[in-house]
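Below is one structure, written out as structure tokens; comments come after it.
Just so you know, all these numbers are worked out from the coordinates, no wet-lab data involved. Here the structure is a predicted model, which means the values were calculated and not measured. Every residue, glycine among them, receives a Cβ derived from its backbone with ideal geometry; neighbour counts consider all protein chains shown.
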Ligand code: NDP
């Protein structure tokens, strides 16, 4: 499988979970992958794994997506290394579920910074050159929580609705530009995402809840599907929910 040979793909939030799995799948398809997140030791481990497994080039960039300059450096560094940015996966995100009454205002700010501003910085840094080269693909990772609001997901959902609005607007604006846009909305996936929740009421609520989450790989396959379609096929929205086991 080498459909993405000679293309470069930036993946934010590549240090764990869904981003890590996406990096594997895009490398398997032949893309040179650029891994971005804050934990560079995790990126180094993943880089070694990918280099050993696939015949592609890998670069790592320690990146905080809430810092515009970091995301600009990520994109400029990728261009220096590989010439173009062909795929940009806006995957980094945080889900600090809390009830509004518990007033976790700093966590609301963090979600806005990472989930919305981080995605905007990704678009800011990568879109102009994609428009210029009349090709490219931006993947925005939203969520089922960007389609529905659950108890305690109010602010998280607000950020993921925003991501979906960005994807929808880009799809309209870019439909004649050669740049494709895919919004991916996963349901529950087994990753580190819930480890950072601090609201005691939410932790209590989930304590006895039985879930049958998806694997990160299940989402990465959807991304690989979207980016390996012919140029004229624009897969705009993919929702992937787990089935409940009997
Ligand atoms: P993980 O917690 O496993 O991964 C989140 C990733 O985001 C990590 O690599 C983390 O890297 C990165 N990240 C967080 N903050 C920043 C930051 N400021 N700058 C750069 N990177 C950052 O969770 P998932 O893999 O599950 O999440 C990936 C995406 O999928 C998120 O956008 C999430 O909202 C979405 N999603 C997940 C679902 C799930 O059930 N798991 C369901 C629906 C959507 P580091 O800490 O090293 O910076």
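Numbers below:
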quantity: Label-reachable residues, segment 197-230, where backbone N falls under 18 Å from a point 7 Å from residue 243's Cα toward its Cβ; calculated: 211-219, 221-222
quantity: Where only alpha carbons of the chain are counted, the Rg and the Dmax (Å); calculated: 17.3, 52
quantity: Spin-label pair residue 229/residue 105, simplified geometry with 7 Å Cα→Cβ offset, distance in nm; calculated: 4.4
quantity: Alpha-carbon centroid distance for the pair segment 175-246 / segment 121-162, whole angstrom; calculated: 12
quantity: The chain: calculated mean residue ellipticity at 222 nm from DSSP helix runs of at least 4, using -39500 (n - 2.57); calculated: -13500 deg cm²/dmol
quantity: Sorted by Cβ density within 10 Å, fewest first, the residues 67, 160; calculated: 67, 160
quantity: Distance (nanometres) between label positions extended 7 Å along Cα→Cβ at residue 52 and residue 215; calculated: 1.9
quantity: Relative contact order (percent, whole number), the chain, Cα cutoff 8 Å, 6+ residue spacing; calculated: 20
quantity: Ranked 215, 52, criterion: other C-beta atoms within 10 Å, fewest first; calculated: 52, 215
quantity: Computed over segment 107-224: relative contact order in percent, which uses C-alpha pairs under 8 Å that are six or more apart; calculated: 28
quantity: In nm, spacing of pseudo-spin labels at residue 204 and residue 72 (7 Å Cα→C-beta vector); calculated: 4.7
